[in-house]
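Notes follow once the structure below has been shown.
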Amino acid sequence: MTHDHDLVLRPTEAQTRAALNPPSGRNGGDLVVETLQGLGATTVFGLPGQHALGMFDALRRSSLRYVGLRVENNTGFAADAYGRITGEVAPLLLSTGPGALTSLAALQEAAAGSSPVLAIGSQVPVAGLGGGRHGYLHELRDQQASFRDVVKSVHTVRTQSQIPSAIAAAWESALTAPHGPVWVEIPQDVLLAETALPVVTAVDATPHDLVPRPELTAVAADLLGRAERPAIIAGGGVVRADASGKLRALAERLNAPVVTTFGGKGAFPWEHPLSLQSWLEDRHTTDFLEDADVLLVVGSGLGELSSNYHTFKPRGRVVQIEADLGKLESNHPALGIHADARIALSALLETVGERPDPAAPERVRQVLAAVRERIDGQELTLEQDVLAAVRAALPDASPSFWDMTILAYWAWSAFDARRPGTMHSAQGAGGLGYGFPAALGAAAADPTRPVLAVSGDGGAMYSIAELATARQYGLDVTWLIVDDGGYGILREYMADAFGEATGTELARPDFVALAESFGVPGVRTSPERLRDDLAKALAEPGPSVVVLPAVLRMFAPTHLG
């Protein structure tokens, strides 16, 4: 009896001839790039180092496009954004020791944001493995141990024959919900040694669907259908699963108000009558969600930022749909459904009936009006005008990448992302320096639309070197730098807590002159000219810098009292 898979695995005569007569001059690095090509990769990010040169040499014999940044951490941020924009695996090639370790903060952000990054790092030669102190350059006692607590999975290679399978397993892991970064490491001598192995062609690495258990979705549908005051919190998992349409359909069927987390921006239409927008750092929203008798949480673990700094205490029944098993019921007891958001919402839509509630839009209006009244009472016109200017200048389809800066904290709550998957920030891990290199990765992923990066002057200094990358590759990124002379949010935190700030004030360059020294056009703007200057910069192809000297303030928190 012949099975279909037997036919798939049987090589053709041409494949057999090619396998028996592989081209000369190949090494272990060729097996890496051939595997990536076989898996469907088209672009790789990286930064070469001595132990990794076998991989980089092999790139010139491949059709892969290489985008090289100047600092490994920034390279990781670029790969992260590429994965977010495309939904595909972003290969990241790194060297051993310092090169690998410098990427850790970026991989932490990729993990927090569930971005499918495939980091392939080199290792010292095989003879130096095992924890002995042999004195090899870049030697660590256990390099993969540094990554194990950060990435989703670790895959080790010790021989050339292991390379295709290890990379395929890592690829599958990165793309199985929840998406995330993975780590593969290959010794230098394995990469450099000539290989007689056949050229890698077809590689199977199919991610697994994360399907909900039907008895759980049946209970969830019953709870939601009988609820008197249902509400929905939509997190980043909705965006990553491309489930925004299904979320809207369910919310409208239930007449359930929806608030999006900061990672879920764009998951629900901002001006929809049921939209509570993203005002999670506001007690009015927190009170409304606590009053829900059934709260559906989709694609969020209800962490610190999504729970008004853990002051949120739901009184009703919680239904939580989450692909990351570790986040399921990690903060609140719930009917926990371990599943991909799109598949689970589809299951609910098959069961839940119409739930009339003509009063729901009015309740939403009352909450938003109370939020607006609170913000308007704090004399924060400058901050709102600046954010409005950015929104007006940015095309609806253009993605934006926000560093950890006061304007980004405003954007988390008050910025209309317009479309799913167009607003990204470093709010997962919270490290500085994300905005500009991430925007470069997004521009590499889709050169058909301009990309906006937003940084403060402190965060911008982490990424200045990447102006050279932007110029070298002609990447269409406009970088808005809000220059307030220091780490503005830390200045504000310390002044509020201790009466004065320490270590927050910074000497910094003339950002416009610095950009121009890289061959990148720059302009110094003002709040009044920001909309026009930003729109002009975004309309011009290639990289540009817009500098806004301004001291912005945050709105008052509601979680401290």
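The values are calculated or read from the model by the stated rules, or taken from the named source; none is laboratory data. Source: prediction; values computed, not measured. Here Cβ is always computed from backbone atoms with ideal geometry, including for glycine, and neighbour counts include all displayed protein chains. Side chains included, ligands, DNA and RNA excluded: accessible areas come from the protein's heavy atoms. Shrake-Rupley method; radii C 1.70, N 1.55, O 1.52, S 1.80 Å.
Take the residues in the range 523-561 that are out of contact with any helix residue (DSSP H, G or I) (no Cβ under 9 Å at 6 or more places or on another chain) and hydrophobic (A, V, I, L, M, F, W, C), then tell me which one is nearest to PHE312 (Cα to Cα).
LEU560
What number of residues in the range 103-148 are open to solvent by 60 Å² or more (accessible area, probe 1.4 Å) and either modelled with pLDDT of 95 or more or among the polar types (S, T, N, Q) (or both)?
The total comes to 2.
Do any residues in the range 405-419 that are under 13 Å from GLU492 (Cβ atoms) have Cβ atoms under 8 Å from those of residues that are open to solvent by less than 10 Å² (accessible area, probe 1.4 Å) and among the polar types (S, T, N, Q), where the two are at least six apart or on different chains, and which pairs are they?
Listed by first residue and then by second, the contacts come to THR405/SER455.
Please determine, by comparing only the residues of the range 270-310 that are under 19 Å from GLY428 (Cα atoms) and aromatic (Phe, Trp, Tyr), which one is surrounded by the most Cβ atoms within 10 Å (Cβ to Cβ).
For the range 270-310, the residue satisfying everything is TRP279.
Say we look at the range 36-50 and pick out the residues that are over 12 Å from ILE120 (Cα atoms) and touching a helix residue (DSSP H, G or I) at 6+ places or on another chain (Cβ under 8 Å); which of these is surrounded by the fewest Cβ atoms within 10 Å (Cβ to Cβ)?
Here the residue is GLN50.
Condition (residue is more than 26 Å from the chain's Cα centre (by Cα) and open to solvent by 20 Å² or more (accessible area, probe 1.4 Å)) applied to the range 175-191: is it met by at least one residue?
So far as the range 175-191 goes, yes, one or more of its residues are more than 26 Å from the chain's Cα centre (by Cα) and open to solvent by 20 Å² or more (accessible area, probe 1.4 Å).
In the range 350-377, how many residues are assigned to a helix (DSSP H, G or I) and of a type in the set (Val, Ile, Thr)? Give the steps one after another, and end with the answer.
From the range 350-377, those assigned to a helix (DSSP H, G or I) are 360-376; that's our starting set.
Those still in the list that are of a type in the set (Val, Ile, Thr) too: 364, 367, 371, 375.
Here the count works out to 4.
Enumerate the pairs (first residue in the range 359-375 and under 14 Å from VAL259 (Cβ atoms); second residue anywhere and among the aromatic types (Phe, Trp, Tyr) and not in a helix (DSSP H, G or I)) with beta-carbon separation below 9 Å, excluding pairs fewer than 6 apart on the same chain, so at least 6 apart or on different chains.
VAL367/TRP279; LEU368/TRP279; VAL371/TRP279
All but one of (1) open to solvent by 10 Å² or more (accessible area, probe 1.4 Å); (2) under 28 Å from GLU528 (Cα atoms); (3) in a loop (DSSP other than H, G, I, E, B) hold for ASP385, so report the exception by its number.
Condition (3) is where ASP385 drops out.
Taking the options ALA267, ALA241, ALA249, name whichever one is more than 20 Å from GLU290 (Cα to Cα), surrounded by fewer than 20 Cβ atoms within 10 Å (Cβ to Cβ) and not aromatic (Phe, Trp, Tyr).
Sole residue among the options that is more than 20 Å from GLU290 (Cα to Cα), surrounded by fewer than 20 Cβ atoms within 10 Å (Cβ to Cβ) and not aromatic (Phe, Trp, Tyr): ALA249.
Cβ-Cβ distance below 7 Å, separation of 6 or more or different chains: which pairs start in the range 35-61 with a residue that is more than 24 Å from GLY97 (Cβ to Cβ) and end on one that is of a type in the set (Asp, Glu) and open to solvent by less than 30 Å² (accessible area, probe 1.4 Å)?
Matching pairs, first to second residue: ARG61/ASP30.
Return yes when ASP30 is more than 26 Å from ALA465 (Cβ to Cβ) and outside any loop (DSSP other than H, G, I, E, B) and no when it is not.
So ASP30 passes the test.
Output the residues belonging to the range 423-449 that are within 24 Å of ASP483 (Cα to Cα), of a type outside the set (A, V, I, L, M, F, W, C) and in a loop (DSSP other than H, G, I, E, B).
Residues satisfying the conditions are GLN427, GLY428, GLY430, GLY431, GLY433, TYR434.
Quick one: SER95 ticks every box in (1) open to solvent by 10 Å² or more (accessible area, probe 1.4 Å); (2) without any contact (Cβ under 8 Å) to a residue 60 or more places away in the chain; (3) hydroxyl-bearing (Ser, Thr, Tyr) except a single one, so which number is it?
(1)
Being at positive phi and open to solvent by less than 30 Å² (accessible area, probe 1.4 Å) narrows it down to one residue among GLY499, GLY519, GLY485; which is it?
Just a single option satisfies the conditions, and that option is GLY485.
Restricting attention to the range 536-560, and to residues there that are open to solvent by 40 Å² or more (accessible area, probe 1.4 Å) and of a type in the set (A, V, I, L, M), which single residue is nearest to VAL477 (Cα to Cα)?
So the residue we want is ALA539.
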